[in-house]
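> My questions will all concern the structure given below.
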2 protein chains.
Amino acid sequence: MARILTFLGKGGTGRTTVAIAAAKQCAAQGNRVLFAGQDPSPALSLLVGVPLSAEPQSIATNLDAVQLQSTVLLERAWEELKQQEAKYLRTPILKSVYGQELSILPGMDTALALNAIREYDSGDRYDVIVYDGNGDQATLRMLGMPETLSWYFRRFRQVFLDSDLGKTISPFIQPISAAVLNVNWSGDIFSQPAANQASTIVDQGKAALADPNRVAAYLVTTADAGAIATAKYLWGSAQQVGLTVGGVLLNQSETTEGMRSDFAPLSINTIPTRSGDEWQPLMQAMPDFTKAAQAPKPITINVAERKVSLFLPSFDKKQVKLTQSGPEVTVEAGDQRRNIALPPELRGKQVTGAKFQDNYLIISF
Amino acid sequence: MARILTFLGKGGTGRTTVAIAAAKQCAAQGNRVLFAGQDPSPALSLLVGVPLSAEPQSIATNLDAVQLQSTVLLERAWEELKQQEAKYLRTPILKSVYGQELSILPGMDTALALNAIREYDSGDRYDVIVYDGNGDQATLRMLGMPETLSWYFRRFRQVFLDSDLGKTISPFIQPISAAVLNVNWSGDIFSQPAANQASTIVDQGKAALADPNRVAAYLVTTADAGAIATAKYLWGSAQQVGLTVGGVLLNQSETTEGMRSDFAPLSINTIPTRSGDEWQPLMQAMPDFTKAAQAPKPITINVAERKVSLFLPSFDKKQVKLTQSGPEVTVEAGDQRRNIALPPELRGKQVTGAKFQDNYLIISF
C-alpha cells in the first residue's frame, strides 16, 4: 500500500512540474516512487526528460515513471472482463469482441487510470504514487468514483430488485449482477468470489480516499487571480468527493497576506522557478507530505451531539444546497452531489437544522 | 443549426481568452453567438467579466454566455429519461429515483455538455456556438462520442441479439433497447418513435462532426516547447475522432519558420496580449472561421482507386497501428482507436497495403 499524492490547479500553473519535483523529493527521501502521468501528449516526456511509455520504467534511483495510455489499459481490462465472464456466466457473450477494436468513450480515461493506480498500489512495489492527472474536476470525479459508484449500486439495487425486469433476468445474469450490484441471489453470497471481489475493490477505494495518509491532494497556483480562484474552487470541490487537501504550493510568486487568509488553515509553500535541469531547489521547497492528515477533514460525524460537519471552504451558503429524501442526505456544491452515508444512529432521522460557520456546513439531526 | 467552434491546446496557453475573443468577433460580425464554458470554477466568470450561470444570458449585443453545470444538466436529462421510460416501458422502474440525488461519475460532464450543445444547436437561436471545453483529450472524446457510440451499438447489437440473454429479456425492454440498440424487434421499427429519435441524434452528431462547416477546432499555443508539442499531438488526435482542425492561434509570440513547417499546411494567426478589457486587437487577430473547410479532411475515401487516406499529422509510422478483424479496419493513434466504417464497395475487402506519406496514412484494398 502506497501513499497516493495528486495536484490540483488551473492549467499552466506548473502542476506537472510540481508533481515531478514531489516525486523526485519522495524518492530522494528513500521512498520507492511511481510517477504516473495522465497527459498522453509528448509534452510529458519533454518535461520528465525521458521518453515515457505505457509500462513503468526506472528514470532515477527509487523513481519509476509511466504514461497512462487508455487504449492499452482498456485492452487489458477487456481481456480480464472476458475471463471473468467465461468463469461466471452460463453463456458468455463477449468472447467474440476483441480488446484491440475498442475505442475510448468519455470517462474511460479516468476510470481506467483509477484502476491502474489501484493495481500499482496493491503490490508492495511502491511507497509513494504521484498521480499527475488533469488536476481539475476530472481528477476529483475519478477519486470520488468508488463512493459515487457504491451509492449508485446501493440506490439502484433495490429499484432493480423490485422490478419485473430484475425478477426475470436474474437466472441469466445471476453471478455478474451479484458482482456488480452486490445482490444476494442465492442466499449464499459469500460463495460467490466475483461479488466479494467487486465490493472489496469499491470498499478499499472508499477507505483509501477517506484516509489522508493514503490519498491526499495539494493545490498548485500562481499569483494570477484566475489561478487562485480555480485553486480555491478545487479546494472546496475536493471535499465533496471526500478528498483531503494537504496544502498549497505557490509557484514562482511570493506569498501575500491575502493569499494566506484565502487558504487558511492550510500552509503555503513557495516553489522557485526551475532553471534547466536543476530540480534541487524545487524538491527542497516541497512540503512534508506525511503531514497531510493535519489538514481539515472533509467530513466529521459526531453521533453523541447528532451533528455532521462538512468542511466546504470557498463556498458560501448560497452555493451549497442540502436536501433530504428518504434515508439519505444530499449535499450539492462545486458541481457535485454528495450522498452522505449516515451511521446507524442517525439514519432516517430528520434534519433539524443546518448552518454555515467558518467554512463548515454543520447539519444537526 | 449553428457553426460550432472549439479550441484545443495545453492548459495555460490562453485557450479560454482566445475562445472569448472568437465569440466576440463572431458576434461583432452579426452572428448570434453562444459562448458555452465547461470550466465550473469562478475563474471563467472572472475572465468573461460577468457572473455566469447554468442558463444562457446576454452579455453583449448578439452574444450569450452559459457556464455548463453537470449537476443541473444531469437533473434535467434524468427527468427526460423518466418521461421516456414511462412512455415506452411496461413497468417503469426509475420513477422512484430523483434527479436531485444523482452524483456525477467520470464522463458525465462531457456527455452532458455534448447533449446541451446539441440542444442549443437544434433551435434557430444561434449562428455560432463557441464551446470552451477542457481543450484536451476530453474534448476530443466528447466530439468523437456519436461515432464511437454508434460503433459500440453496431458491434454489440449482434453480440447481444445472438445471446440467450438477448432473446430472453426482449419482451421486457423491447422499446428501450430498440431505441438504444436500434434493433428491430417487432419487424416494424419505424413505428417506434424512440428508436428513430435515438438513431437520428447519433447520426446527426456524426454528420455534424464530419462537416467542417458545422464543427471545427483550432489549436492554441504559445512558443513554449511543451505547448507546441501538445498542440501538435492534439492536431493529430483530433483526426482520429474525425474532427477538422482549421488553423493555429499563436498566443503572444512571433511565428517562426520552424512553427510554420510544424503546422503546415495550416495557417498561423498571431494573437496579441490582452491589456485589461481591450478585446478589439484580439478579435481582429482571429482567423476567418468560415474557411475551416479548406484545412485537410480527417478521412478521404476513393472507391475507384480502392484507397482510404487518413490525415494523421504529428504521428510517425511507429505511432500508428492498423488492424483488420472481420469487416472492420481499426486505426490506433493518439490514444484512440478509430473503427472505420467502409463504403459497401470496400466492405469486407482485405487490406493489401498501407503506407505513411506526407502526414497521410494511405490504406489500399
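The values are calculated or read from the model by the stated rules, or taken from the named source; none is laboratory data. If you're wondering where the values come from, they're calculated on a predicted model, not measured in any experiment. We place every Cβ from the backbone using ideal geometry, glycine too, and count neighbours over all the protein chains shown. When the accessible area is computed, the model is the full protein with side chains, heavy atoms only, and any ligands, DNA or RNA have been set aside. Shrake-Rupley method; radii C 1.70, N 1.55, O 1.52, S 1.80 Å.
> What number of residues in the stretch A:287-337 are in contact with a Lys or Arg (Cβ under 8 Å, 6 or more places away or on another chain) and part of a loop (DSSP other than H, G, I, E, B)?
4
> Check the stretch B:64-79 and report whether any residue there is within 14 Å of another protein chain (Cβ to nearest Cβ) and part of a loop (DSSP other than H, G, I, E, B).
Yes, the conditions are met somewhere in the stretch B:64-79.
> Go through (1) in contact with a Leu (Cβ under 6 Å, 6 or more places away or on another chain); (2) surrounded by fewer than 21 Cβ atoms within 10 Å (Cβ to Cβ); (3) at the interface with chain B (Cβ under 8 Å from one of its Cβ atoms) and name the single condition A:GLU101 misses.
In the conditions (1) in contact with a Leu (Cβ under 6 Å, 6 or more places away or on another chain); (2) surrounded by fewer than 21 Cβ atoms within 10 Å (Cβ to Cβ); (3) at the interface with chain B (Cβ under 8 Å from one of its Cβ atoms), A:GLU101 misses (1) alone.
> So is B:LYS355 part of a strand (DSSP E or B) and open to solvent by 60 Å² or more (accessible area, probe 1.4 Å) or not?
Considered against the rule, which asks whether it is part of a strand (DSSP E or B) and open to solvent by 60 Å² or more (accessible area, probe 1.4 Å), B:LYS355 comes out as yes.
> Taking B:VAL72 as the residue in question, decide whether it is of a type in the set (Val, Ile, Thr), under 30 Å from B:THR221 (Cβ atoms) and either surrounded by fewer than 19 Cβ atoms within 10 Å (Cβ to Cβ) or not assigned by TED's automatic domain parsing to the domain that holds B:VAL220 (or both).
no
> Do we find a residue being more than 14 Å from every other protein chain (Cβ to nearest Cβ), open to solvent by less than 50 Å² (accessible area, probe 1.4 Å), within 19 Å of A:LEU219 (Cα to Cα) and touching a helix residue (DSSP H, G or I) at 6+ places or on another chain (Cβ under 8 Å) anywhere in the stretch A:329-349?
No, there is no match, as no residue in the stretch A:329-349 is more than 14 Å from every other protein chain (Cβ to nearest Cβ), open to solvent by less than 50 Å² (accessible area, probe 1.4 Å), within 19 Å of A:LEU219 (Cα to Cα) and touching a helix residue (DSSP H, G or I) at 6+ places or on another chain (Cβ under 8 Å).
> Right, something else. Among the residues of the stretch B:226-263, which ones are within 12 Å of chain A (Cβ to nearest Cβ) and open to solvent by 30 Å² or more (accessible area, probe 1.4 Å)?
The one that is within 12 Å of chain A (Cβ to nearest Cβ) and open to solvent by 30 Å² or more (accessible area, probe 1.4 Å): B:LYS232.
> Got a number for residues in the stretch B:113-128 being assigned to a helix (DSSP H, G or I) and open to solvent by less than 20 Å² (accessible area, probe 1.4 Å)?
4
> Please enumerate the residues belonging to the stretch B:226-257 that are over 14 Å from the mean Cα position of the chain (by Cα) and closer than 20 Å to A:PRO40 by Cα.
B:GLY226, B:ALA227, B:ILE228, B:ALA229, B:THR230, B:ALA231, B:LYS232, B:TYR233, B:GLY236
> Something else now. Please tell me if B:LEU63 is touching a strand residue (DSSP E or B) at 6+ places or on another chain (Cβ under 7 Å), open to solvent by less than 10 Å² (accessible area, probe 1.4 Å) and within 30 Å of B:SER237 (Cα to Cα).
no
> A further question follows. Looking at A:LEU282, is it outside the structural domain of A:VAL48 (by TED's automatic domain parsing) and among the aliphatic types (A, V, I, L, M)?
No: the conditions fail for A:LEU282.
> Still on this structure, please answer the following. If I filter the stretch B:15-42 down to residues being buried (at least 23 other Cβ atoms within 10 Å of the Cβ) and small (Gly, Ala, Ser), which single residue comes out as nearest to the other protein chains (Cβ to nearest Cβ)?
Step by step, filter the stretch B:15-42, then rank; the result is B:SER41.
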